[in-house]
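Inspection log for the structure reproduced underneath, given as structure tokens.
The values are calculated or read from the model by the stated rules, or taken from the named source; none is laboratory data. As the structure is a computational prediction, the values presented were derived from the model and not from experiment. A quick note on method: Cβ atoms are made from the backbone with ideal geometry, for glycine too, and the neighbour counts reach across all protein chains shown.
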Amino acid sequence: MGRRIRLALAGAGAGAVAGLFGAGGGMVLVPLLGLLVRMDDQDVFPASVSIILPICLTSILVTSMSTGIAWRDALPYLPGSALGGYLAGRWGRRIPTVWLHRGLGALIVWGGIRYLC
């Protein structure tokens, strides 16, 4: 299978998860970029963030056209999420990759348990 096809599959998986569940595309994308594309661990997280942006914009567009978006509910979270994104972008490369993987894994497990219970 060619590299472009594997990249497209990884992106499609992330987009499907984000579209179906409203979030979580990155938790699918990070492992897929490592497994399917054999991307370097140092590059997986920044690549994932850059791929998620168009997925989020597409989700906003589709959701707003079909059901509308509760902007008033979302607005209080925007400053904190912007600050968190800024800080992660500035300092994320300083965190050892193994800790990023463990942190993501812990969040996935926690989220899974939370949704199952």
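Overview of values
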{"read-out": "All positions within region 89-104 that are modelled with pLDDT of 85 or more and touching a helix residue (DSSP H, G or I) at 6+ places or on another chain (Cβ under 9 Å)", "value": "ILE95, VAL98"}
{"read-out": "Number of the exception - MET27 against (1) at pLDDT 80 or above; (2) closer than 26 Å to ARG3 by Cα", "value": "(1)"}
{"read-out": "Flag if ARG72 is surrounded by 12 or more Cβ atoms within 10 Å (Cβ to Cβ), more than 15 Å from the chain's Cα centre (by Cα), of a type in the set (D, E, K, R) and in a helix (DSSP H, G or I)", "value": "no"}
{"read-out": "Hits in region 49-69 (condition: part of a helix (DSSP H, G or I) and either in contact with a strand residue (DSSP E or B) (Cβ under 6 Å, 6 or more places away or on another chain) or of a type outside the set (A, V, I, L, M) (or both))", "value": "SER50, PRO54, CYS56, THR58, SER59, THR63, SER64, SER66"}
{"read-out": "Answer residue from region 23-43, given it is more than 19 Å from VAL109 (Cβ to Cβ) and in contact (Cβ under 8 Å) with a residue 12 or more places away in the chain and is surrounded by the fewest Cβ atoms within 10 Å (Cβ to Cβ) among those", "value": "GLN42"}
{"read-out": "Of all residues in region 4-20 being surrounded by fewer than 16 Cβ atoms within 10 Å (Cβ to Cβ) and under 12 Å from the mean Cα position of the chain (by Cα), the one that is modelled with the highest pLDDT", "value": "ALA16"}
